[in-house]
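Comments concern the structure below.
Only the coordinates and a few stated rules stand behind these numbers; no lab work does. Bear in mind that the values here come from a model prediction, so they are computed numbers and not experimental data. Here Cβ is always computed from backbone atoms with ideal geometry, including for glycine, and neighbour counts include all displayed protein chains.
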Amino acid sequence: MTRTVLGENAKKEIRDCIQRCRSSKEIAAEVDRLVAHFDGNISRSAIYDMTADIRPKRKTRTDKGNRKVDITTDPTLRLVSGWVLEYDVSPSEAIAMARDRGMDVPVEFPTLNKYLNESGLSKKARRNAVVPHRRFEASAPGEMFQFDISGVKERWYDHTTRRIISVSALEVSKNHENEKASRTRVWRFALVDDYSRRCFVRYVGVAKPNSSHVVDFLLQAYSEMGVPQTLYTDNDAIIKFGRNQRTTEILNKVLIDQGGYQNTFHLPGNARATGKVERLHQTVEQCEKFIGIYIAERGHLSLEELNNDFAAGVMRKLNNQVHSETGQTPLQRWESTFSVIRRLDYATLRSAFMADEFEVKVQGDLSFRLKGSTYQLPTSEMYPFANWIGQKLRVVFPDAAEYFTVLGLDGIEYDVVKEDQKADAAGDFKNTRETDANRLRKEVRALAKEDAKRIRAGLPSLTGGVAAASADGVLDAPIRFFDAPTEAVAAEITNVAKFPKPEQPVEVERVEREAPGRTIAAHNPAVNFWEAVSRYESQFASKSECKSFMDSLFTSRDEECWLLQSEIETAIESRTADTSVRMLKAV
């Protein structure tokens, strides 16, 4: 619809019409008529605003005076308002709860809501509380840098293909964890000079940044922009502790005669404190929308291309674009003010702060050897070092410090006090942490033993199985290779030609001719004591009786002592006949 701008004549006509009205009802009717007269090209509120100086003022209420109750004076309303602000409950529910507790609330929900709005505690203000603050700015380039880390939206790094991929928030979010170990998030590291707004941006593809990534980024930025006097950041643990803490201490000692170096942290939940770098994140995020176009047209994007091409292009644009606050480009403002840039070479910095890592092997007593000495790792339950016995770990080992840092296999850095390894005194045995593997080994072995006992007793298995044997004797808990297999038999292959396999038996007579006196006929084999007991046990009243009879035939129970089966059977028949004769005589 084409916008219509009213001329001066139309405005004069509207004011004259309103000025002739004598009451608020006439004014309201005239306003409706004028809106219709101008075909809706002017609103009711615009007419009221245009005639505010000629309309009669609203009369003051005769009963106007001090309120009987207010949030600032009534203790019940103060408590109810406290519930609303502290626990974020609605004013109506807060009033209902107060009355459930027998409190006398002197107002209803609309009045309480009105009081809150008048006090600057409206629903919108409660959700977005504005804290009074003062803006600050460094006095020269390089005096203060602001630094922050933020995750890139829907951009992940695939370590298998080494490419940047798109992963929707519907697939991976706080409620849906990432299920692919081969991909990690892409993190944006951003730094901005507080005075000139000159920026430095890099990207890292890791599951979770640590202090090593922070130090490496800062070293890159310092090699290009110089080392500031103050690094202003939030109090995130990976920035406040670990390697960055050591880097801050060393840089301060190196630059102590040039103003020193410190890392200052703002209070948590105060994003405005580092508002310049937060604003930089928002600006770069808009530029990152072109990553999708690049991948769609070029087919792929590597992490190196993201840093060397995209990040460099973004910095080139932002550092040479007039800033809305300063009226200058960041590079112009950076170069137009006198300052001393304390620049150090990146390779030198990296060798000083990153190359003091060593790879050591954890021994069974949780110690490792380094530089000719043996150092002890903590053995308490607080540390997982017992799980890494026999494996190699990286340690950051500064000579001057009283501690060293272990880069764990779980991605966590552990600061450990330096302690030489030594044996315990005789009789003073100290417990050490049991490995998770050994704990699990004990648990599953105990579980297997308990399950076997239950099955042997005919009870259900701990995992929900049935008894070991059913009433008809069929095994319900089959054991591999002992019982019939339950897996499906592979289908017979019919498209392969089969050839007959003729058999050529070797006759026993031929063997007897070649080895006379050394063979026994197949129908009359020789057996030892135990084989005879197993074979003929059923012909005796008990197994012990069978053993006693066999002892009378065999000279020993040794497995090398043999008797012909025919001889044993003859002896058993004679024993049976003698037993029958004795029974007849007894009758």
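Once C-alpha pairs closer than 8 Å and six or more residues apart are averaged by separation and normalised to the residue number of the stretch 13-104, the relative contact order reads 18 percent. Checked against a 30 Å cut-off, the cross-linked pairs Lys361/Lys449; Lys123/Lys208; Lys253/Lys392; Lys68/Lys124; Lys453/Lys543 give Cα-Cα distances beyond that limit for Lys361/Lys449; Lys123/Lys208; Lys253/Lys392.
Counting only DSSP beta bridges with both residues in the stretch 182-268, the antiparallel share comes to about 65 percent. Between Glu137 and Arg316, the distance separating the two model label sites (each 7 Å from Cα on the Cα→Cβ line) works out to 2.8 nm.
Candidate cross-link partners of Lys418 among the aspartates and glutamates, defined by an alpha-carbon separation under 19 Å and a same-chain spacing of 8 or more, comprise Glu249, Asp356, Glu357, Glu359, Asp365, Glu381, Asp399, Glu402. Residues whose amide H comes within less than 5 Å of that of Arg163, counting only those at least five positions distant or on another chain, are Asp158 (H built at 1.01 Å from N in the peptide plane). In terms of the mean number of neighbouring beta-carbon atoms within 10 Å, the peptides 276-289, 445-458 order highest first as 276-289, 445-458. Counting 0.36 nm for each residue step from Glu569 to Glu285 and taking away their Cα separation leaves a gain of 92.6 nm.
For Lys289, the aspartates and glutamates whose Cα comes closer than 16 Å to its Cα, not counting residues fewer than 8 places off in the same chain, are Glu154, Glu297, Glu305, Asp309.
Given the peptides 295-303, 191-199, 247-255, 324-332, arrange them by the average over their residues of other C-beta atoms within 10 Å, most packed first.
191-199, 247-255, 324-332, 295-303
I need the shape label for the stretch 110-225. Rule: rounded when a/c is under 1.5, else prolate if a/b > b/c, else oblate, with a, b, c from the alpha carbon gyration tensor. Verdict is oblate for the stretch 110-225.
Treating the beta-carbon of each Lys and Arg as +1 and of each Asp and Glu as -1, no other charges, what is the dipole magnitude of the stretch 187-326 about its Cα centre, to the nearest 20 debye? Walk me through the intermediate numbers first.
Details: 16 positive and 16 negative charges, 31 e Å.
Charge dipole of the stretch 187-326: 160 debye, to the nearest 20.
Relative protection proxy for 166-179, 98-111, from highest mean packing down: 98-111, 166-179 (other beta-carbon atoms within 10 angstrom). What the phi angles of the stretch 380-388 give under the Karplus curve with 6.51, -1.76 and 1.60, with θ = phi - 60°, is a coupling list of 7, 5, 5, 10, x, 5, 5, 6, 10 Hz, glycine and proline written as x. The amide H of Glu154, built 1.01 Å from its N in the peptide plane, has no neighbour under 5 Å, considering only residues 5 or more places off or on other chains.
Based on the Cβ-Cβ distance from Arg58 to His176, what FRET efficiency comes out when R0 is 41 Å, to the nearest 0.05?
Details: r = 57 Å, r/R0 = 1.38.
Efficiency, from the Cβ-Cβ distance: 0.10.
Rounded to the nearest whole Hz, the Karplus-based 3J(HN,Hα) values (6.51 cos²θ - 1.76 cosθ + 1.60, θ = phi - 60°) of the stretch 69-83 follow the sequence 10, 7, 5, 7, 10, 8, x, 5, 5, 5, 5, 4, 5, x, 4, with x at glycine and proline. Full extension of the chain between Glu559 and Thr76 gives 164.0 nm of extra length, using 0.36 nm per residue less the Cα-Cα distance.
Close amide H contacts of Leu370 (hydrogens built in the peptide plane, cut-off under 5 Å, sequence separation of 5 or more or a different chain): Tyr375.
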